[in-house]
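Laboratory data are not the source of any read-out in this text; all were calculated from the coordinates shown. Keep in mind the model is a prediction, meaning the values are calculated, not measured. All Cβ positions, glycine included, derive from the backbone under ideal geometry; neighbour counts span all protein chains shown.
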Amino acid sequence: MRRDYYFWLLGGDRRQVHLARLLREDGHQVQTYALEQALPCAETLEGISRADCVILPLPAAGAQGILNAPLSDHKLPLRGLMELLNPGQLLCGGKLGDDFARQCRERGLTAVDYFEREELAVRNAVPTAEGAIKIAMEELPTTLYDARVLVIGFGRIGKLLAHRLRGLGAQVTVSARSFADLAWIEAYGYKSEHTDELAGWLCSYDLIVNTVPAPVLGEAALEDVAPGCLILDLASAPGGVDFEAAAALGLKAIHALSLPGKAAPVTAGKILRDTIYHVLQEVDGDDA
């Protein structure tokens, strides 16, 4: 890996703070912007056109296409940033969006959405699962040992979460839609349910965790949930839980977003660094 890359990191949370430190420790030149509540930062974007790689946060933008920068008072439109970059520059970000990616291509930029990379998704599932367990331990009045838990979805996060919950002694049921996933759920020794047939069968759980980014727990299903059950939604906004219906029914439902950055920002920073290095190796060649 080359030790002379020039990086610009813009916005983000504690993940980007640790990413900047790790890149500097690896010998690279690093400039930061819109992280001034945690790091010394540049006041302007002067010099960004010379960067080998510009790194945006996950997600890259908030409302109205403004840079996602919770550790800053800066309000930077991503469209304005793009106009400061030169054709051929590499820009990496999470959840860039189709319109922004298209605009980058039209300007001749090499735009990579690292959120779509499998290695990042798999490794991010670990702090997400552990963060969910941490919340459950803090919010439940009981131990996870012998708790009756339903995990909705058997993707990356669902697999790791079910494995860790059973390791803590929980009674784990996993729901899925595909028959292949249901077969794997049973092969691993979990109880199984079909996600489309949960309504009327949720009264026995102490903890329900949704990992599916689609509506799966609507009012009809929530009406059967026990009053003391904790519901965690790990899916990206808007999630898979009808939170208004849950509140009206007196249920505690938490939308636990961005858990890698909240539960394990140092680990999340390492995951981002490694993924960025993989991108650079692919762009520059294996000898980068």
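The table for this structure:
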item: Longest segment of the chain lacking GluC sites (Glu not before Pro) that sit in a DSSP loop with at most 13 other Cβ atoms within 10 Å; result: 84-288
item: Separation between Cα centres of the range 28-95 and the range 147-194, rounded to whole Å; result: 39
item: Length gained when the stretch Asp284-Lys191 is fully extended (0.36 nm per residue, less Cα-Cα span); result: 28.8 nm
item: In Å, descending, principal axis extents of the Cα set of the chain; result: 59, 40, 34
item: Gyration tensor verdict on the range 125-257 (Cα atoms; rounded if a/c is under 1.5, prolate if a/b is larger than b/c, oblate otherwise); result: rounded
item: Cα gyration tensor category, rounded, prolate or oblate, for the range 193-288 with a/c compared to 1.5; result: prolate
item: Length released on extending from Glu244 to Trp201, taking residue separation times 0.36 nm less the Cα-Cα span; result: 13.4 nm
item: Neighbourhood net charge (15 Å Cβ-Cβ; Lys/Arg +1, Asp/Glu -1) for Val209; result: +2
item: Estimated vicinal HN-Hα couplings, Hz - the range 45-57 in sequence order (Karplus 6.51, -1.76, 1.60; Gly, Pro = x); result: 9, 4, x, 5, 5, 9, 5, 6, 8, 9, 10, 9, x
item: Global form of the range 1-108, assessed from the alpha-carbon gyration tensor, a/c cut-off 1.5; result: oblate
item: Relative contact order computed over the chain (Cα-Cα under 8 Å; 6+ residues apart), in percent; result: 16
item: Helix axis angle, 98-107 relative to the chain longest principal axis, alpha carbon, degrees; result: 10
item: Within the chain: Cβ-based charge dipole about Cα centre, in debye rounded to nearest 20 (Lys, Arg +1; Asp, Glu -1); result: 580
item: Within the chain, helix-based [θ] at 222 nm, where runs of 4 or more DSSP H residues each add -39,500 (n - 2.57), nearest 500; result: -11000 deg cm²/dmol
item: DSSP-loop chymotrypsin sites (Phe, Trp or Tyr not before Pro) across the range 179-216, with at most 15 other Cβ within 10 angstrom; result: Tyr188, Trp201
item: Rel. contact order, % - alpha carbon contacts under 8 angstrom, at least six apart, the range 1-155; result: 18
item: Rounded to 5, the percent of DSSP beta bridges in the chain classed as antiparallel; result: 5
item: Local electrostatic count at Arg177 - Lys and Arg +1, Asp and Glu -1, tallied over other residues with Cβ under 11 Å; result: -4
item: Mean separation of Cα contacts under 8 Å, 6 or more apart, over the residue count of the range 125-257: relative contact order %; result: 21
item: Cα→Cβ-extended label distance, 7 Å offset, between Tyr6 and Asp73, nm; result: 3.0
item: 15 Å beta-carbon shell around His18, net charge (K/R +1, D/E -1); result: +4
